[in-house]
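These notes are about the structure you will find just below.
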Amino acid sequence: MGCCLSDARALGEEVASVEALCRAALQGDALGRLAELPDLPHGPDGWFELLSGIPDDRRRVRALGRLAVAAAGHTGAGTLERHGVLQASLVALPRLASLAVDESVHWQFCAMVRGVAAGQKTWAGYFDHATDAFQELARIVTLRRFHAGQSSFDIMSMPRNWLLRVHPMALPAVVRELLAGLGGLGPVVMPHLNYWRASPTLLLRQENTSAMLRIARCLERQPRIKGLVAASWLYSEAVGDVSPHLAWVRQFYAENGACLVDMNPAAQRAGFLVGSAARRQLYAEGKFRPRETLVIWRRQDMLDWAARQGDETTPHAAAGRTRSLGVGKRLASGQITLLDCEAFMTFHPRWYVVCVFVVPAIVLAAAAAAGLGLYAVLPALLLAVPALWLFQYFCLQ
């Protein structure tokens, strides 16, 4: 009990210290002379509310964009966004203790805000409101995403449209793993490579272990979380073949009981061409085509892995079981694509389903009814849905 009280007291002192740093940074902020900006959020609560809608609320995205444009002629790039993050942090910091995540995550949050307040140079350029980096920061600082170090993570349900990306031959096994193994689509933890990690240009095995341990401790505090689900080109087997120093990213999951399955070809914007001339050259030659890879890691397997850490008597390679659902040499998406709808599926999944499944199915059912009678509607729908599923997998992604 005394240790817990000591830890809580230390965290409280850290929160107070970081709040003081934020206020000091705001007092010296170049934005101070821009008080006349129209529609500037009122104080920390106003900024917290505005950033809570980034990047999903179009109204607040437009509002932040207008403020950034208005401030551009008066101050340096990213100053307004950084100012907003510091303001929102003054709301978030006192709320940390009420969050059902491990205390180590709170310390990571404080370290990140310290870096923002200090103007950490490795984050230069990250404060542009239109970038993925800033959008992640907006989620973290408004407590919708959690900073675990090298990885950040959400607590959410797995996007259902991910199932559309799975090879039809692997789909039954994936559904079985989700329902019988994981216990449903959510809630699950969903990790992301964190832009706001201490060393943003590096991807380190030990830092990955530390981040996953923090996430596992959060699972211990929340029994409702069913496990971990993730999708990334980093888990693709092709990445390890071309960049052997990254092979451990996939192996980490494969060796510790997670289920891995290939999905659609990774889009160029995903980032696999960044930082490696070799990958860019092989991609240009058509010899490197990484696929988004789905990871499903059951709660108990993840907790078992966490419990083994520090136990030198447990051989790492034998720690878990491998469950790969790769489709091998079978025909997969990306080989006969007629129209690449990957971005449409990613950013507008509901409209994708409407355009690719609902409308064509209704048209086919209506045609069956007109030509064969009402009794043909149900058989037409039963045939149309799998046919459309196969068409969109092989020809639209």
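Residue separation times 0.36 nm, minus the C-alpha to C-alpha distance between R23 and V354: what's the value?
Working: separation 331, 0.36 × 331 = 119.16 nm, distance 4.86 nm.
Using 0.36 nm per residue and subtracting the Cα-Cα distance, I get 114.3 nm.
Can you tell me how much longer the chain between L381 and R289 gets when fully stretched, taken as 0.36 nm per residue apart minus their C-alpha distance, in nm with one decimal? Intermediate results must be reported in sequence, preceding the final value.
On the way: separation 92, 0.36 × 92 = 33.12 nm, distance 3.49 nm.
My answer for the length gained is 29.6 nm.
Please work out, to two decimal places, the log10 of the ratio I(q)/I(0) at q = 0.17 Å⁻¹ from a Debye calculation in which every Cα of region 1-144 carries one identical scatterer.
Evaluating at q = 0.17 Å⁻¹ gives log10 I(q)/I(0) of -0.91.
Work out the FRET efficiency for A63 and T337 from their Cβ-Cβ distance, taking R0 = 51 Å, and round it to the nearest 0.05. Show your work: numbers first, answer last.
Working: r = 38 Å, r/R0 = 0.74.
Computed FRET efficiency for A63 and T337 comes out at 0.85.
Please report Rg over Rh for region 342-395, where both radii come from the alpha carbon positions and Rh follows the Kirkwood definition.
On the way: Rg = 12.5 Å, Rh = 11.7 Å.
When Rh is taken as the Kirkwood radius, the ratio is 1.07.
Give me the net charge of G65's neighbourhood, meaning all other residues with Cβ under 14 Å from the Cβ of G65; Lys, Arg count +1, Asp, Glu -1. Let's see the in-between values first.
Values: positive: R58, R59, R60, R62, R66; negative: D39, D57, E81, D128.
The answer is +1.
How large is the direction-averaged shadow of the alpha-carbon convex hull of the chain, in nm²?
Working: hull surface 96.1 nm².
For the chain, the mean projected area of the Cα convex hull comes to 24.0 nm².
Could you work out the relative contact order of the chain? I mean the mean sequence separation of Cα pairs under 8 Å and 6+ apart, divided by the number of residues, in percent. Present the calculation step by step, with values, prior to reporting the outcome.
Values: 546 pairs, mean separation 53.0, N = 397.
For the chain, the relative contact order is 13 percent.
Once region 204-278 is represented by equal point scatterers at the alpha-carbon sites, with solvent omitted, what log10 I(q)/I(0) does the Debye formula produce at q = 0.18, 0.24 Å⁻¹?
Those come out to -0.85, -1.26, one per q.
Give the percent of DSSP beta bridges with both residues in the chain that are antiparallel, rounded to the nearest 5.
Working: 19 of 22 bridges.
Of the beta bridges lying entirely in the chain, close to 85 percent run antiparallel.
Please give the calculated 222 nm ellipticity per residue for the chain, where each DSSP H segment of at least 4 residues contributes -39500 (n - 2.57) and the sum is spread over every residue; nearest 500 deg cm²/dmol?
On the way: 16 runs with 189 residues, N = 397.
Theoretical 222 nm ellipticity from helices: -14500 deg cm²/dmol.
Given a Förster distance of 30 angstrom, what is the FRET efficiency for A72 paired with F347, based on the Cβ-Cβ distance and rounded to 0.05?
On the way: r = 26 Å, r/R0 = 0.88.
After rounding to 0.05, the efficiency reads 0.70.
List, largest first, the extents of the alpha carbons of region 148-330 along their principal axes, each in whole Å.
47, 38, 31
According to a simple spin-label model (label point 7 Å from Cα along Cα-to-Cβ), what is the distance in nm between L163 and A366?
Inter-label distance under the simple model: 2.7 nm.
With r as the distance between the Cβ atoms of D128 and R269 and R0 = 22 Å, compute the FRET efficiency 1/(1 + (r/R0)^6) and round to 0.05. Don't skip to the answer; put the middle values down first.
On the way: r = 16 Å, r/R0 = 0.73.
Once rounded, the FRET efficiency stands at 0.85.
So for the pair Q251, V175, with labels modelled 7 Å out along Cα→Cβ, what separation do we get in nm?
Placing both labels 7 Å along Cα→Cβ, they lie 3.6 nm apart.
Multiply the residue separation of L204 and H192 by 0.36 nm, subtract the distance between their alpha-carbon atoms, and state the gained length in nm to one decimal. Before the final figure, lay out the partial values.
Values: separation 12, 0.36 × 12 = 4.32 nm, distance 1.41 nm.
Extra length from L204 to H192 when fully extended: 2.9 nm.
A short reminder: the numbers here are calculations on the coordinates, not readings from a lab. Note that this is a predicted model, so its numbers are computed, not measured. Because the Cβ atoms are built from the backbone with ideal geometry, glycine has one as well, and the counts that use them run over all protein chains shown.
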